[in-house]
Amino acid sequence: MNLSHLHLLINHLPIIGSMLGGLVLAFAILEKSNRTKVAAYGVLIISSIGAVIAYLTGEPAEELVENIPGVLKDTIEKHEDAAMISLVVLIVLGISSVIGIYLTYKNSKYIKRVANVTLFLSILSFGLISRTGFLGGQIRHTELTTVGSINPQFLGTEKEDD
């Protein structure tokens, strides 16, 4: 196994984790359960760590695929740009989650406010990292490059010009 394999394995963690953590946190806010908030924060912290690992293994993955016929440099660049933005937001999400755990254990008056901010960040993170994953999938999954229609190259047939 190399870093490219690790990239492909770990890149799903921030996507699923930000969604799952956000759902658990929303439930915790509705139920006013501090224990459940701490559990949600844990999931979100793991998601943030996963995003860092995915980002750090992205460059070695790029090195392996950039010279493969059909892989477009522009597609890789779009994925890289989206990954950087997602990484920053997921790091902020992780920091917010650590603060949330700390404030929860200190029984601070800011528990609810931090939970709401963290929930917003988890929703934002999910949207950004999902887009990043979609763009990354386009690097090697040609069936994703033509959204809403069948890509003729994927089928092995070309469209005829009229």
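Can you pull out the helices (runs of 4 or more DSSP H) entirely within region 23-130 that have at least 3 residues that are within 17 Å of His7 (Cα to Cα), open to solvent by 30 Å² or more (accessible area, probe 1.4 Å) and acidic (Asp, Glu)? Talk me through it step by step, then tell me what you get.
Values: elements: 34-56, 58-65, 73-105.
Here the list reads 73-105.
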Practice task
Evaluate region 109-122: report whether one residue or more is modelled with pLDDT under 95, under 21 Å from Gly21 (Cβ atoms), aromatic (Phe, Trp, Tyr) and under 20 Å from the mean Cα position of the chain (by Cα).
Solution key: no
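Conditions (1) modelled with pLDDT under 55; (2) farther than 26 Å from Glu62 by Cα; (3) under 24 Å from the mean Cα position of the chain (by Cα), marked per residue:
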site: Asn107; (1), (2), (3): no, yes, no
site: Gly136; (1), (2), (3): no, no, yes
site: Arg140; (1), (2), (3): no, no, yes
site: Ser149; (1), (2), (3): yes, yes, no
Handout entry: Options Glu80, Glu66; residue that is within 13 Å of the chain's Cα centre (by Cα) and at pLDDT below 95
Key = Glu80
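The values are calculated or read from the model by the stated rules, or taken from the named source; none is laboratory data. What you are looking at is a predicted structure, and each value in this text was computed from that prediction instead of being measured. Cβ atoms come from the backbone with ideal geometry, glycine included; neighbour counts cover every protein chain shown. Ligands, DNA and RNA are stripped out before the accessible areas are found, and what is left, the full protein with its side chains, is counted by its heavy atoms. Shrake-Rupley method; radii C 1.70, N 1.55, O 1.52, S 1.80 Å.
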